[in-house]
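Read through the structure below, which is laid out as structure tokens, and then see the notes.
The values are calculated or read from the model by the stated rules, or taken from the named source; none is laboratory data. Computed from a predicted model, the values in this text were never measured in an experiment. All Cβ positions, glycine included, derive from the backbone under ideal geometry; neighbour counts span all protein chains shown.
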Amino acid sequence: MPIPGSGLAKGLAVTLRTMTKRSHTAQYPEVQPELPPRTRGVIGLFEENCTVCMLCARECPDWCIYIDSHKETIPAATPGGRERSRNVLDRFAIDFSLCMYCGICIEVCPFDALFWSPEFEYAETDIRDLTHERDKLREWMWTVPAPPALDPAAEEPKELAAARKAAEKAEAAAAAAAAAPSEPDAPADPAGPDAPAGGAA
């Protein structure tokens, strides 16, 4: 059975302890805050990796990603080959007044074209100015921090292990071929292939 008023006493004790400490004021914007490495500030676009697959726009729960593109025909690389078509990115914009920073677009991008940037100073006086085009998204891309180092105790990725095994196998085959002695040629018969057996007649 709790003592009546114990919760109030605990709250007052916390207040009294806080009143005796000096407050710490962050002098922003003169002093920038130290943000955690996984801060979700804005989304940067590395458009060279974008294939206009529209997966990010389709999976966005807020429908705040706007993408426009057109198709271009690539001529055949070899005579008699088939022409190919590819999507060319015309517009990539994100409306940050709608974005809820869930990160789904970054997770579903199959080609690593979207990244979290720690930038957070993009407030605007007009809400319509919060729709940022691909030029601004590309500027934020260069502020994306480097990925953390791999855990030295972690298992090697399967792709690297397979590539290393194939390279080692190729090296071993090349070394075995170089170390194998070449077979000597058979001595030529001075009498020739048409000479009768058993010597001269």
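Summary of values
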read-out	value
Tabulated pairs, the stretch 106-117, first more than 16 Å from Cys64 (Cα to Cα) and at pLDDT below 95, second assigned to a strand (DSSP E or B) and not small (Gly, Ala, Ser), C-beta under 6 angstrom, 6+ apart or interchain	Ser117/Val42
Only one of Cys60, Cys102, Cys50, Cys56 that is of a type in the set (A, V, I, L, M, F, W, C), in contact (Cβ under 8 Å) with a residue 60 or more places away in the chain and under 30 Å from Ala146 (Cβ atoms)	Cys50
Number of the exception - Thr143 against (1) touching a helix residue (DSSP H, G or I) at 6+ places or on another chain (Cβ under 9 Å); (2) in a loop (DSSP other than H, G, I, E, B)	(1)
Residue tally, condition of a type outside the set (Phe, Trp, Tyr) and in contact with a Ser or Thr (Cβ under 8 Å, 6 or more places away or on another chain), over the stretch 136-153	3
Failed criterion for Pro145 (all others in (1) surrounded by 10 or more Cβ atoms within 10 Å (Cβ to Cβ); (2) more than 17 Å from the chain's Cα centre (by Cα); (3) at pLDDT 80 or above; (4) not polar (S, T, N, Q) hold)	(2)
